[in-house]
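The values are calculated or read from the model by the stated rules, or taken from the named source; none is laboratory data. What you see is a predicted model; the values in this text were computed from it and never measured. Don't worry about glycine lacking a Cβ; one is built from the backbone with ideal geometry, like all the others, and counts go over all protein chains shown.
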Amino acid sequence: MKDQEMTEDLKKKKGWVGKLFLFFAFFLGLVTLVSCTKAFTSSSDKANIIYSYLYGQDSASEEDKTAYLDDILSAANTAGYPVPSTTYTDKYLSVEFDYDNVLSDSADEDGAYTVEAFPTPVEVTYGDSTTAVLSKPQEWIENYVIGTEELTEDEKETIFGKSVMTTINVGSKITPTSSETALQLYQDSFQSIKAVALFGGLDSEKEITLWANYDEWFVEAQTDSNIGYANMPTSAFVSYFKSEANTIASNNLAGLNTSGEGGMYGHAGSKIYIENKTWGEAFTQYGFLEGLLVWPIGWMVNYFDSSFVSLGTGWSEFFAILLVTLIVRSVIVLTSIATNSSQNKMTAIQPEIDALKAKYPNAETNKEEKAEMSKETMVIYKKHKIHPLMPLLLLVVQLPLFICVWSALQGSAELSSGNFFGIDLTTSMSNAMLGSSTNSTIYTQVLAITMFVVMSVAQVLSMLLPQTFQSWKSKKFVNATAKVQPSSQNFAKYMSLGMGVVVIIMGISLPAAMSMYWFFGAIMSIIQTLVTEYFAKRKRHKNMKGGDTLSALRRSKHHSEPLKSIRSSRG
């Protein structure tokens, strides 16, 4: 007796070990799939991200401008990497331009301002004298953008973006509402070129490559007699600086611009120029899933957001995310119809499965009985047209879609410029709740905490509700007096709870836009479950009225004895 009990305990432990293994394998697969989706940030985007972070947005007011170059230099010095002197930085890292007399003094009859000149480069001071030598970034812009024949006009538009080149070309017209905004537009356009000059460069194929100019100038400076060895940065400093800058670039994922042309995105003081990404480029440069799902979903987000722009920032993003959630969840509902039908059939045939277990009581230990039981089980499945692997097939469809929606919302350039009642949609929920995000207030903290709690509750309900209905149906309509084996139901329940916890943990670190998507998705999931159960209930009542004796017996609270007699007569 003790040996039998030990054997049963061992079986239970092995069963739970296997189920836990499946759960962690699923979670590992989820993490792996997440890592497969790439941020839509090109080398040009990354150069602009680094520039904006270190120098601040050129056209921003002083109170809005946020620049962190001094912070990184100070951190490097503290870490033991002596920073280079101004003798080096003025020559090789200076991007100061004089924007006086760039635009015409007044607008024409169409409200347009004419671009009359490029910014006058500022002379560089290094050593003990001030000379008329341009800085390296200024020289590069002179050669490749302004006055030489290094690049054709078409090549300039391809490399830097049509919106940029149209704005800075002498003689072009800018038509914003005032001279002040016209100058801001010009500075933003020129900022993107300065960013590429500083942190990018062109390769032999005339494509922007991160750090191409920076590395070339570092080598050149070593033989520059005006600089001197003592003023040079060390190789260790260069490695540290590039590593920090690359981290800054990798932390900004909002590079999915589907508008058709480049543009400035982000919040005041730190806006960056983001290149347009075509659908074809999504496939060829970023990946299959990126082209198949991420780009189209991102296009929908950007399109809806721009369509609702008249509602104001916050609400336009709110309705954009809501519509995308409706579309995506509708696809999931269509794919889950077959699965829900299969699950309902599985519940309906449970008495037959119980009868098989009674017929083969030693199936767990006897290989012959196990084989016979499996064979008869498949006959029952075939008879009722049940596909046991249907939930797994649904997961194969839903999981990539879920990850791609996640990637599209994180990568949306349009969402990076929005906020919801003061909460930046690109900031993480943890930063919003702790008040460490930009322009954070007590009000935005309370709102962020409320959003997170509501999202968490909705997620848990949406995941537990189907299991609750399934457990209720099993107890009421299958065999209330039979010996219950709750392990599979408990595992499904714990699996749902576990996934809910994973979503909540992920929600803390992900942008606020994802919390909105998860909340809308959870509400739709709850509605789907309630509607499904409503139609299932109607079907049960219809079967009872139609004289289905076995169905009626299953639905009776006092059906145990008749059901036993039916089973005995069958076997």
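Of the helices (runs of 4 or more DSSP H) lying entirely inside segment 133-206, the ones with 3 or more residues being within 22 Å of Glu123 (Cα to Cα) and in contact with a Phe, Trp or Tyr (Cβ under 6 Å, 6 or more places away or on another chain) are found at 179-199. May I ask you to say which residue of Ser61, Ser85 is modelled with pLDDT of 85 or more, surrounded by 14 or more Cβ atoms within 10 Å (Cβ to Cβ) and among the polar types (S, T, N, Q)? Of the residues listed, the single one that is modelled with pLDDT of 85 or more, surrounded by 14 or more Cβ atoms within 10 Å (Cβ to Cβ) and among the polar types (S, T, N, Q) is Ser85. In segment 397-424, the residue that is surrounded by the fewest Cβ atoms within 10 Å (Cβ to Cβ) out of those that are at pLDDT below 85 and in a loop (DSSP other than H, G, I, E, B) is Phe421.
A count restricted to segment 253-271 and to residues that are within 15 Å of Gly418 (Cβ to Cβ) and in contact with a strand residue (DSSP E or B) (Cβ under 8 Å, 6 or more places away or on another chain) stands at 9. Being surrounded by 17 or more Cβ atoms within 10 Å (Cβ to Cβ) and at pLDDT 65 or above is a property that does not hold for Ser509. Among the residues of segment 298-321 satisfying the criterion of being surrounded by fewer than 16 Cβ atoms within 10 Å (Cβ to Cβ) and aliphatic (A, V, I, L, M), which is nearest to the chain's Cα centre (by Cα)? The extreme case among them is Val309.
Counting only helices (runs of 4 or more DSSP H) that sit wholly inside segment 270-362, those with at least 2 residues that are in contact with a helix residue (DSSP H, G or I) (Cβ under 9 Å, 6 or more places away or on another chain), β-branched (Val, Ile, Thr) and at pLDDT 90 or above are 295-307, 315-348. Which residues, counting only those in segment 207-252, are assigned to a helix (DSSP H, G or I), farther than 14 Å from Ala76 by Cβ and aromatic (Phe, Trp, Tyr)? The answer is Tyr214, Trp217, Phe218, Tyr229. Within segment 183-223, being hydroxyl-bearing (Ser, Thr, Tyr) and within 28 Å of the chain's Cα centre (by Cα) holds for Ser189, Ser192, Thr209. When segment 42-87 is filtered for residues that are under 20 Å from Ala254 (Cβ atoms), in a helix (DSSP H, G or I), of a type in the set (Ser, Thr, Tyr) and touching a Gly at 6+ places or on another chain (Cβ under 9 Å), the ones remaining, listed by number, are Ser43, Ser44, Ser52. Restricting attention to segment 105-126, does a residue exist that is within 23 Å of Tyr53 (Cα to Cα), at pLDDT below 90, crowded, with 19+ Cβ neighbours inside 10 Å and not aromatic (Phe, Trp, Tyr)? Yes, segment 105-126 contains a residue that is within 23 Å of Tyr53 (Cα to Cα), at pLDDT below 90, crowded, with 19+ Cβ neighbours inside 10 Å and not aromatic (Phe, Trp, Tyr). Contact annotation: residue pairs with Cβ atoms under 7 Å, 6 or more positions apart or on different chains, pairing a residue in segment 283-307 that is touching a residue at least 40 places away in the same chain (Cβ under 8 Å) with a partner that is in a helix (DSSP H, G or I) and of a type in the set (S, T, N, Q), are Val294/Ser407; Asp305/Ser316.
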